[in-house]
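The values are calculated or read from the model by the stated rules, or taken from the named source; none is laboratory data. Just so you know, these numbers come straight off a predicted model, no measurement behind them. Here the Cβ positions follow ideal geometry from the backbone for every residue, glycine too, while neighbour counts run over all protein chains shown.
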Ligand code: ATP
């Protein structure tokens, strides 16, 4: 069953149109990638879904039209946005950041279990639980950003450039954990990634955006095999 559906989504920053009709769908428990060059509109697509930029077209989540909802309303539907740049709160501790992620929940026991789950998924965070987020390494901050998303108990996670600025081995660790999360939780994922090789380790299908439109859509295996994808995003 389809969980998220975008049809002909448009968005602008002032007079500049950056999304010019984006169409994609994420099945329940599925993982879908959004690939493309700098400025193609990948981040803006996630922002259109989470309500942080105004969008045209159709955005339907779990059968409900969510276009035009405020970000907090979108979050309450079960969508967690893990933004580019991580968005962790530097003055708060790791534990406090996790609690911020759980702010809409009341199930004390479930919250405690999910904190444990995050610390099991990312053992680095267990050692840093009382540290301020600002004291974490880039990789640890990314782990915290994903964990904060987990704490909201979402049905869909929007992941923006989880590998950005990380050493290759750290990026791989983060993706290994996200893959495990996907299998164990069944959370559906919409994944923006510049590093297509890394994205293909997680997603089943992907769409390539070019100047705010879908240029190509296919399975990871199909896209990996295409010369033009290799040249543009996989370095030869
Ligand atoms: P990147 O990897 O660079 O983030 P992207 O594919 O995610 O690329 P977007 O961030 O969605 O691209 O940006 C699409 C276009 O919109 C770019 O030309 C960018 O310069 C422009 N843009 C992004 N944010 C804003 C903003 N807040 N105000 C004005 N223009 C913006």
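Do we find that residue 171 is within 16 Å of the ligand (Cβ to nearest atom), part of a helix (DSSP H, G or I) and out of contact with any strand residue (DSSP E or B) (no Cβ under 8 Å at 6 or more places or on another chain) in this structure? When the stated conditions are applied, residue 171 passes them.
Restricting attention to region 201-213, the residues that are out of contact with any helix residue (DSSP H, G or I) (no Cβ under 8 Å at 6 or more places or on another chain) and either closer than 13 Å to residue 178 by Cα or in a strand (DSSP E or B) (or both) add up to 3. Could you tell me which residue of region 35-52 is surrounded by the fewest Cβ atoms within 10 Å (Cβ to Cβ), considering only residues that are more than 17 Å from residue 85 (Cα to Cα) and touching a helix residue (DSSP H, G or I) at 6+ places or on another chain (Cβ under 8 Å)? Result: 37. Within region 13-51, the residues that satisfy the criterion of being in a strand (DSSP E or B) and under 12 Å from residue 203 (Cβ atoms) are 24, 26, 27, 31, 32, 33, 34, 35. Every listed requirement among (1) in contact with a helix residue (DSSP H, G or I) (Cβ under 7 Å, 6 or more places away or on another chain); (2) within 14 Å of the ligand (Cβ to nearest atom); (3) within 27 Å of residue 165 (Cβ to Cβ) is met by residue 9 save one, (3).
Is it the case that residue 32 is at pLDDT 95 or above, within 11 Å of the ligand (Cβ to nearest atom) and in the same structural domain as residue 202 (by TED's automatic domain parsing)? For residue 32, the condition - at pLDDT 95 or above, within 11 Å of the ligand (Cβ to nearest atom) and in the same structural domain as residue 202 (by TED's automatic domain parsing) - is not met. For region 39-54, state whether one or more residues are more than 12 Å from the ligand (Cβ to nearest atom) and under 20 Å from residue 181 (Cα atoms). Among the residues of region 39-54, not one is more than 12 Å from the ligand (Cβ to nearest atom) and under 20 Å from residue 181 (Cα atoms), which makes the answer no.
Picking from residues in region 55-80 that are in contact with a strand residue (DSSP E or B) (Cβ under 7 Å, 6 or more places away or on another chain) and in a loop (DSSP other than H, G, I, E, B), the one that is nearest to the ligand (Cβ to nearest atom) is 67.
Quick grid of which residues meet (1) assigned by TED's automatic domain parsing to the domain that holds residue 47; (2) buried (at least 16 other Cβ atoms within 10 Å of the Cβ); (3) closer than 22 Å to residue 170 by Cα; (4) at pLDDT 95 or above:
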| position | (1), (2), (3), (4) |
| --- | --- |
| 100 | no, no, no, no |
| 112 | no, no, no, yes |
| 115 | no, yes, yes, yes |
| 118 | no, yes, yes, yes |
| 121 | no, yes, yes, yes |
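Out of all the residues in region 135-148, is one or more outside the structural domain of residue 201 (by TED's automatic domain parsing), modelled with pLDDT under 95, assigned to a helix (DSSP H, G or I) and over 26 Å from residue 202 (Cα atoms)? Yes, some residue in region 135-148 is outside the structural domain of residue 201 (by TED's automatic domain parsing), modelled with pLDDT under 95, assigned to a helix (DSSP H, G or I) and over 26 Å from residue 202 (Cα atoms).
Figure legend. Inter-residue proximity from region 189-200: first residues assigned to a loop (DSSP other than H, G, I, E, B), second residues surrounded by 24 or more Cβ atoms within 10 Å (Cβ to Cβ), beta-carbon distance below 7 Å, spacing 6+ or different chains. Indicated pairs: 193/33; 193/35; 193/199.
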